[in-house]
Amino acid sequence: MTSETIKDLTQSYIMGTYGRFPVAVDRGEGARLYDPEGREYIDFTSGIGVTALGYGNQPWAEAVAEQAKKLVHVSNLFYTETPARLAEILCKRTGESCVFFANGGGEANEGMIKLARKYSFDKYGQGRSTIITLKNSFHGRTITTLKATGQDVFHNFFFPFTEGFRYAAANDLEDLKAQAGDDVCAVMLELVQGEGGVLPLDQDYVRAVEALCAEQDWLLLADEVQTGVGRTGALFAFQHYGILPDVVSFAKGIAGGLPMSGILANEKCRNVLGPGTHATTFGGNPVCAAAGLAVQEVLSDEFLKEVQEKGDYLRKGIEALDLPCFGKTRGLGLMIGIEVKEGWTNRDIANQLIENGLLILTAGPGMRLLPPLVITKEEMDKGLSIMAETLR
Ligand SMILES: *Cc1c(COP(=O)(O)O)cnc(C)c1O
């Protein structure tokens, strides 16, 4: 099929919920994608932080194929090997105690919210169900996670939303304290706000939030759907901050491209969601878990160090171009934001870059880069030279 046919078919039969860029993608290799006509694109998006190992990764594909041939799904009424092994690795590498597997980021956050409310219900009874989240956050598209998201634009159309969320300004401990009360059970945050514009939280702030949570017996919930699984140069971003959240959600990169998510919980929270309180049919699917194991095989501590170095290289490279439309860069590892100066809009810049062979994301008012973690220096250089030629 040609690009035009694919676009026409999509527009005719798929609901128009997405503002798509005018590119059809047919196949990929490493951090390069190709349209059906063979045109090459350098990928600084990895499917919004999902394809950590890039495209056409052979060991990953073989692990998926082998598991698919052996056993695709039997439900959580039975025991299977790959999710158990993946959970063990995640716990041992983070210091958390146990995992619940789900299928997408919003769904994982729903589980995290349920866990926090039940923890409090079990201990204190009804009435302690409010979760404080941060302004400018993003937590998902379900009715509850839309309301957890601290941006008014998401609190529209779909009334009534789930009750029990209040919002505090990021990096402002006094504002968090001002939202406190007898009704609070948890604080939920992204350590680097992703959709909000790649905004890392301050170390001191995060440590103070952890201390405040411990003092109040509020659970500290980290939404690591975007920052998790190596993206920031640590397996989870909380490891950069020297904290151990009570519950951590993950999704996007966990299985390198297959739909999988989950939450990690510490010992204190192990038994909160007992039999019958939470479930999902597909969660911990053996094929997705085999893919997750293949991702973990690659994400050694050495590899994570390289992710840091690549992030530094890319950020320095962008700043060295000194482009008229770009201000400062920020971020952690290969999660990079670029400020867009007044007079330019991020969507226009993205369109121009894509037209010239570089796929890139926007976030908040700026640009966002989430390249595959396996991106090579040569691929980064190619992307930088497209930026220079397009935007100079
Ligand atoms: C992408 C994202 C979500 C939502 O994940 P879905 O898989 O789209 O449901 C939630 N939180 C954060 C921080 C995200 O980046």
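The values are calculated or read from the model by the stated rules, or taken from the named source; none is laboratory data. Computed from a predicted structure; not experimentally measured. Reconstructed Cβ throughout: ideal geometry from the backbone, glycine too, with neighbour counts over all protein chains shown. What goes into the accessible areas is simple: the full protein's heavy atoms, side chains included, and nothing from ligands, DNA or RNA. Shrake-Rupley method; radii C 1.70, N 1.55, O 1.52, S 1.80 Å.
Observations on the structure shown:
- Which of Gly95, Ala291, Phe159, positive extreme of dipole for the range 59-298 (C-beta unit charges): Ala291
- Gained length - Leu9 relative to Glu62, 0.36 nm times residue gap less alpha-carbon distance: 16.0 nm
- Helix 105-124 vs. the chain, principal-axis angle (Cα, 0 to 90°, nearest 10): 10
- The listed residues Trp344, Trp218 rank as Trp344, Trp218 when sorted by accessible area, largest first, using a 1.4 Å probe.
- Taking all protein chains together, Leu191, Leu71 sort by accessible area into Leu71, Leu191, largest first [probe 1.4 Å].
- Rounded to the nearest 20, the size of the Cβ-charge dipole of the range 59-298 about its Cα centre is 580 debye, with Lys and Arg at +1 and Asp and Glu at -1.
- For the chain, the longest principal axis of the C-alpha atoms and the axis of helix 301-321 are separated by about 50°.
- For the range 314-381 versus the range 171-222, the spacing of their alpha-carbon centroids is 28 Å.
- Counting only protein chain heavy atoms and rolling a 1.4 Å probe, the accessible areas of Ser46, Ser129 rank, largest first, as Ser129, Ser46.
- Axis angle, to the nearest 10 degrees, between helix 58-70 and the longest C-alpha principal axis of the chain: 60 degrees.
- Summary of packing: across the peptides 73-83, 139-149, 199-209, the per-residue average of other C-beta atoms within 10 Å ranks them, highest first, as 139-149, 199-209, 73-83.
- Taking a ≥ b ≥ c as the square roots of the eigenvalues of the Cα gyration tensor, the range 206-291 is classed as oblate, since a/c reaches at least 1.5 and a/b does not exceed b/c.
- Sorting 371-382, 86-97, 108-119, 10-21 by their mean Cβ neighbour count within 10 Å, with the most densely packed peptide first, gives 108-119, 371-382, 86-97, 10-21.
- Placing unit charges on the Cβ atoms of the charged side chains and taking the dipole of the chain about its Cα centre, the candidate lying farthest along the positive direction among Ile243, Thr362, Ala63 is Ala63.
- With both labels modelled 7 Å from their Cα along Cα-to-Cβ, the Tyr124 to Glu302 distance reads 4.8 nm.
- Candidate lysines for bridging to Lys377, where Cα separation is under 21 Å - those fewer than 8 sequence places away on the same chain excluded: Lys305, Lys310, Lys316
- Placing +1 on the Cβ of every Lys and Arg and -1 on the Cβ of every Asp and Glu, with no other charges, gives the range 308-390 a dipole of roughly 260 debye about its Cα centre.
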